[in-house]
Amino acid sequence: MPLVYQQNINESTQMAVWHIQELEAFLLNSVILSQTIHHPHKRLQHLAGRFLLKHLNENFPLEDILISPTNKPYLLSGKYHFSISHCGDYAAVIVSTATRAGIDIEIPREKIISIRRKFMNENEYLLTDLLDEKHAATLIWSVKEAIFKWYGTGSVDFKRHMHVINAEKIGEQYLLQVMFSKEERTILLVYAEFHNGLCIAWLAG
């Protein structure tokens, strides 16, 4: 299992990214397919995400995972808060025993430049001071997707309800302050990093 990224965010929260190279038969030795998925690659991604949950916490109750109407996986017990993301041959998870969490991974591609007006606000274009257009747009999308997963109840407009108000680079990581206004105005801190050809964004709390 080739882990390409792993971090203990704090004493209650962990995250990891895995490059999927195993065959489905290998994963099925450890993980049960919990829903009908006909597309082979999507089925592999599904299994990989759950396999990675077990990697981070061997006691994680995979059999208790439910899927909400907004397609968010969750545990009714609330013992673990978690989020899963897939992109290409990669899977990522974040798990917390204390607070809600969200994670997203994206592969930067040129086509995101042509659609960025659908999810970016005018002030967010200033991020090109830190990054080129492709990576800046990918970063903004990934950060907002992580927030969407953290929120978990859907009906979020990425352009209207999420505004990046500040971004800075600290070492290899980016720290973004995002005004989230779906219900009431809240400032969220989201971290992101470009690693192994991926953009990884996450938040907890």
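The values are calculated or read from the model by the stated rules, or taken from the named source; none is laboratory data. Bear in mind the structure is a predicted one, so any value in this text is a computation, not a measurement. Positions of Cβ are backbone-derived with ideal geometry, glycine not excepted, and every protein chain shown enters the neighbour counts. SASA here: full protein model, heavy atoms, side chains in, ligands and nucleic acids out. Shrake-Rupley method; radii C 1.70, N 1.55, O 1.52, S 1.80 Å.
What does the charge count around VAL4 come to, taking other residues whose C-beta lies under 12 Å from its C-beta (Lys +1, Arg +1, Asp -1, Glu -1)? Residues near VAL4 contribute -2 overall. Using 32 Å as the Cα-Cα cut-off, could you pick out the over-long pairs in LYS42/LYS169; LYS54/LYS144; LYS79/LYS144; LYS79/LYS111? Cα-Cα > 32 Å for LYS42/LYS169; LYS79/LYS111; rest within.
Can you tell me the accessible area per residue over the chain, all protein chains present, probe 1.4 angstrom, in square angstrom?
The answer is 51 Å² per residue.
Seen from HIS81, the other residues with C-beta closer than 13 Å to its C-beta sum to a net charge of +4, counting Lys and Arg as +1 and Asp and Glu as -1. Within the stretch 141-183, name every residue whose backbone N is under 12 Å away from a label modeled 7 Å from Cα of HIS195 along the Cβ vector. Output list for this probe position: 172-174. So what is log10(I(q)/I(0)) for the chain at q = 0.11 1/Å, when the Debye sum runs over its Cα atoms only? Reported log10 I(q)/I(0), two decimals: -0.50.
For the stretch 59-205, the fraction of 1.4 Å probe accessible surface lying on carbon and sulfur atoms is 50 percent.
So what is the relative contact order of the chain, in percent, for Cα pairs below 8 Å that sit 6 or more residues apart? If you can, show how the numbers build up before the last one.
Working: 385 pairs, mean separation 35.4, N = 205.
Relative CO of the chain lands at 17 percent.
Ellipsoid fit via the Cα gyration tensor, the stretch 75-176: semi-axes of 25, 15, 14 Å, each the root of five times an eigenvalue, largest first. Working note: Karplus 6.51/-1.76/1.60 with θ = phi - 60° gives the stretch 114-119 the couplings 6, 10, 5, 5, 6, 10 Hz, where Gly and Pro are set to x. Summed over qualifying helices (DSSP H, 4 residues or more, each -39500 (n - 2.57)) and divided by its residue number, the chain shows a 222 nm mean residue ellipticity of -6500 deg cm²/dmol. A simple spin-label model places pseudo-atoms 7 Å from Cα toward Cβ; at THR36 and GLU11 they are separated by 4.7 nm. When the trypsin sites (Lys or Arg not before Pro) in the stretch 1-94 are filtered for DSSP coil states and for at most 13 other beta-carbon atoms within 10 Å of their beta-carbon, the remaining sites are LYS79.
The gain in end-to-end length when the THR153 to HIS135 segment is fully stretched comes to 3.7 nm, 0.36 nm per residue minus the alpha carbon separation. A straight Cα-to-Cα reach below 14 Å connects LYS159 with the aspartates and glutamates GLU122, GLU124, GLU145, residues fewer than 8 places away in its own chain not being considered.
Restricting the trypsin sites (Lys or Arg not before Pro) of the stretch 153-205 to loop positions (DSSP other than H, G, I, E, B) with no more than 12 neighbouring Cβ atoms within 10 Å leaves ARG160, ARG185. Extending 7 Å from the Cα toward the beta-carbon at both ASN121 and ILE165 defines two label points whose distance is 0.9 nm.
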